[in-house]
Amino acid sequence: MLTTNLERMADKIEIFNKFGDTGNDRITRLSLSPEELEAREELCKRCRSLGMQIQTDDMANIYATLKGDLFDSSIITGSHLDSAKEEDSNETIGVLAALEAIETIVKEKIPHRHSITLVVWTNTKGARFYPPLMASGVICGKFEKSVMIDSIDSEGVTFKEALEASGYMGTIDNRVNSEKYIGFIEVAIEQGRDLEKEDIDMGIIEGFNDKKIFYPEFIQSIEKNIEKYGYTSTKIYSDCEYNSKFISDIIPTAMILVPRTKKIDFIEQCWKGANVLLQTILDIDKNH
């Protein structure tokens, strides 16, 4: 089985945890704040060094694409870089796992037909601008953009003002859509500690609030790959807020949860999550 690089994964976690670091393994990296913009800049720099093309949409979501033979047909993965105030520094692991999986594809020259896109969703946490999941919600028709841009932070800055000042506001044509993107796989850290308590490597979310919404084929692929790597897993339903909850309305979607553990163990768990993500992306590429 192919694997990502554990040392690279550790380096990514260490570097990105510096953006908004407040000590004691906590960060404050509010959406479109100087700290989050620094993290975005570092991510885009790394993506460009891998030969990825960067686009942004009208909600400042980032789409960094590794071109495949089927350039207009892409598999998308990623999550968010923003945090709440004084939040666990590892909350944004979904982007780093996606980056490591794609870097492995590039460094190991792994062939792929479809393009592979790393996404960074804007204002996922909703700590600066209400509501959470703002950008993915606008794209999926859950929120009206005209209402969202008037959201105001604690300093009196509107989302529209922060958006325009960020340097990441692109065009509506670049939004994720069902014509260009064939599937979304998100890695995220578990909001609670059930996986850690039960000593389980990964959770596979089937849906939210007892309602199945995720794509069965992708769930089966994730489950198969977890087993092949020799990891343990459990299927769960969630009542937490993840971008996948909205994105599943427009394209096939699935999620991989990693446990919230101590620092050394956490790096290894994220590496395991990146391994499963890598193989799942390659499965989707092969089967579609």
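Read-outs: derived from the displayed coordinates by stated rules, not from any lab. Everything numeric in this text was worked out from a predicted model, so none of it was measured. Virtual Cβ from ideal backbone geometry, glycine too; neighbours counted across all protein chains shown.
So what is the calculated 222 nm ellipticity per residue for the chain, using -39500 (n - 2.57) for each DSSP H run with n of 4 or more, over all residues, to the nearest 500 deg cm²/dmol?
-11000 deg cm²/dmol
For the stretch 82-147, report the translational diffusion coefficient in µm²/s to the nearest whole number, using Stokes-Einstein at 20 °C, 1.002 mPa s, and a Kirkwood Rh over Cα pairs.
Here the translational diffusion coefficient equals 153 µm²/s.
Using modelled amide H (1.01 Å from N, peptide plane; none on Pro or chain starts), what sits under 5 Å from the amide H of TYR130, excluding residues fewer than 5 places away?
ILE152
In square nanometres, what is the average projected area of the Cα convex hull of the stretch 6-287?
Details: hull surface 53.7 nm².
That works out to 13.4 nm², a quarter of the Cα hull's surface.
Please report the relative contact order for the chain, taking Cα pairs under 8 Å with a sequence separation of at least 6, and give it as a percent rounded to a whole number.
That works out to 22 percent.
Name the long-range amide H neighbours of ILE205: under 5 Å, sequence gap of 5 or more, or other chain; modelled H, no Pro or chain starts.
The list, which skips near neighbours in sequence, is ILE236, MET255, LEU257.
Cα centroids of the stretch 111-133 and the stretch 239-288: how far apart, whole angstrom?
Distance between centres, Cα-based: 13 Å.
With +1 on the Cβ of every Lys and Arg and -1 on the Cβ of every Asp and Glu, and nothing else charged, how large is the dipole of the chain about its Cα centre, in debye rounded to the nearest 20?
I would put it at about 560 debye.
Take a quick pass over the stretch 1-123 and tell me how many lysine pairs come in under 17 angstrom between Cα atoms, counting only ones 8 or more apart or on separate chains. Before the final figure, lay out each step's value.
On the way: LYS12/LYS45; LYS12/LYS107; LYS18/LYS45; LYS18/LYS85; LYS45/LYS67; LYS45/LYS107; LYS67/LYS107; LYS67/LYS109.
Lysine pairs meeting both conditions in the stretch 1-123 amount to 8.
Only counting other Cβ atoms within 10 Å, I'd like MET59, MET1 sorted with the fewest neighbours first. Could you put the intermediate results ahead of the total?
Details: MET59 25, MET1 10.
Ascending Cβ contact count within 10 Å gives the list MET1, MET59.
Once phi is turned into θ = phi - 60°, what whole-Hz ³J(HN,Hα) does the Karplus curve with 6.51, -1.76 and 1.60 give for every residue of the stretch 131-145, x standing for Gly and Pro?
Going residue by residue, I get x, x, 6, 4, 5, 5, x, 5, 4, 8, x, 7, 10, 8, 4 Hz, with x marking Gly and Pro.
Counting only DSSP beta bridges with both residues in the chain, tell me the antiparallel percent, nearest 5. Write out the running numbers ahead of the final one.
On the way: 19 of 43 bridges.
The answer is about 45 percent antiparallel.
Among ASP153, ASP201, ASP173, which one shows the highest mean-square fluctuation when the chain is modelled as a Gaussian network with alpha-carbon springs under 10 Å?
ASP173
How about LYS235: which lysines have a C-alpha closer than 19 Å to its C-alpha, ignoring those fewer than 8 places off in the same chain?
Straight-distance partners of LYS235: LYS197, LYS211, LYS212, LYS224, LYS245, LYS272.
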